[in-house]
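Below you'll find the structure, written out as structure tokens, and then a few comments.
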Amino acid sequence: MQYAPQIDRTPVLRRTEDFSVRGVGVWPTESYDSTKDRFDVMKWPIGRSLQVGKTIYPLRHDLVGYFYPSKLDREGEFLVEAFGSKLTGSGSTPRDAFLDWRDQIHRLFQSLYAKRPFEMKDDEKAWWLILENEIDVTVYRNNTPLVVKQIGKVSHGMRSHPVKIAWEDGTNESIKLEDMPAEFAGYRPGQPFEAIVERDPIDYRILNVIYVRRIHDLPWLSREEFDEFVGSIPTTKSAPATNWD
């Protein structure tokens with residue numbers, strides 16, 4: 001077992017009031033001394049990436065966490081200095097505590113990654129700055145497939161099996177049957193279908209087709225027809241004046 005360097009005093013890792021942030025752990029008394037509940041600190045190397053399932057977060061530098069067991073009947077804690085003491089994993093074993101911490105990073109990153117800067121509150125901006133300092137967001141974005149839902153029609157081309165797709169947006173794309181779900185091989189020319197597709201975030205090529213399903217044929221509109229259709233939809237401008245008082 002690998003331990004942190006020996007120190008001559010018990011570390012004060014965080015204020016006791018910080019434990020209320022995640023809603024877990026309540027001190028038995030106001031006079032409880034957290035420094036007496038630390039012993040046998042364990043070092044936990046994380047390395048240059050953090051992985052949750054198929055999601056990989058590239059880190060800007062090697063990270064190391066520390067697991068602090070508890071003398072009392074509480075779970076131990078896992079902390080990484082670079083992410084701050086308010087982001088703490090809990091668990092009865094070092095691995096459980098690390099996974100709890102890792103999953104918190106995963107949830108926090110994904111909730112903020114989906115937001116634009118002006119949509120973030122001040123505390124969210126502060127968290128995002130911490131995440132950006134430790135996670136290479138550009139590398140993450142360039143290596144994470146885009147998952148999109150698309151509608152298309154089968155085009156057989158010069159062969160008897162489907163080799164091309166005419167997508168609803170007007171683009172045409174050649175495909176290989178080995179890259180498609182088995183069901184797709186039985187589709188006939190002109191068969192409309194919907195698909196869940198993983199695409200390369202840089203060149204948008206197909207990486208994987210997760211799912212396909214036949215759908216009823218719907219009339220596809222040209223751009224001019226679509227614009228005319230949208231223009232014919234009533235809006236609030238065409239509604240009669242109303243007094244809401």
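Which of the following residues is exposed (fewer than 15 other Cβ atoms within 10 Å of the Cβ) and either at pLDDT 95 or above or within 30 Å of Gln51 (Cα to Cα) (or both): Asp217, Asp203, Asp227?
Asp203 is the lone residue from the list that is exposed (fewer than 15 other Cβ atoms within 10 Å of the Cβ) and either at pLDDT 95 or above or within 30 Å of Gln51 (Cα to Cα) (or both).
So which residues in the range 169-192 are loosely packed, with under 14 Cβ neighbours inside 10 Å and outside any loop (DSSP other than H, G, I, E, B), if there are any at all?
Hits for the range 169-192 are Asn172, Ser174, Leu177, Glu178, Asp179, Ala182, Glu183, Ala185, Gly186.
Looking only at the range 90-125, which residues are of a type in the set (A, V, I, L, M, F, W, C), without any contact (Cβ under 8 Å) to a residue 40 or more places away in the chain and surrounded by 12 or more Cβ atoms within 10 Å (Cβ to Cβ)?
Ala97, Leu99, Trp101, Leu108, Leu112, Met120
Looking at the range 158-191, which of its residues are β-branched (Val, Ile, Thr) and either at pLDDT 85 or above or within 18 Å of Ile215 (Cα to Cα) (or both)?
Residues satisfying the conditions are Ile165, Thr171, Ile175.
Which pairs turn up if I take residues in the range 66-84 that are among the basic types (Lys, Arg) and look for partners that are modelled with pLDDT of 90 or more and not in a loop (DSSP other than H, G, I, E, B) with beta carbon separation below 9 Å, at least 6 apart in sequence or on another chain?
From residues that are among the basic types (Lys, Arg), the pairs are Arg74/Ser90.
Kindly establish whether Ala195 is surrounded by 11 or more Cβ atoms within 10 Å (Cβ to Cβ), within 24 Å of Val148 (Cα to Cα) and at pLDDT below 90.
No.
Checking Arg107 against (1) modelled with pLDDT of 95 or more; (2) within 30 Å of Lys176 (Cα to Cα); (3) basic (Lys, Arg), only one condition comes out false. Which one?
(2)
For the list (1) part of a helix (DSSP H, G or I); (2) within 29 Å of the chain's Cα centre (by Cα), I need the number of the one condition that Ala195 fails.
Going through the list (1) part of a helix (DSSP H, G or I); (2) within 29 Å of the chain's Cα centre (by Cα), Ala195 breaks only (1).
What are the pairs with Cβ atoms under 6 angstrom where one residue, in the range 45-58, is among the charged types (D, E, K, R) and the other, located anywhere, is surrounded by fewer than 15 Cβ atoms within 10 Å (Cβ to Cβ)? Sequence gap at least six, or different chains.
Short answer, once both residue conditions are applied: Arg48/Asp62.
With Tyr66, Tyr140 as the choices, which residue is within 16 Å of the chain's Cα centre (by Cα) and either surrounded by fewer than 16 Cβ atoms within 10 Å (Cβ to Cβ) or of a type outside the set (D, E, K, R) (or both)?
Tyr140
The values are calculated or read from the model by the stated rules, or taken from the named source; none is laboratory data. For clarity, every value in this text was computed on a predicted model and none was experimentally measured. Positions of Cβ are backbone-derived with ideal geometry, glycine not excepted, and every protein chain shown enters the neighbour counts.
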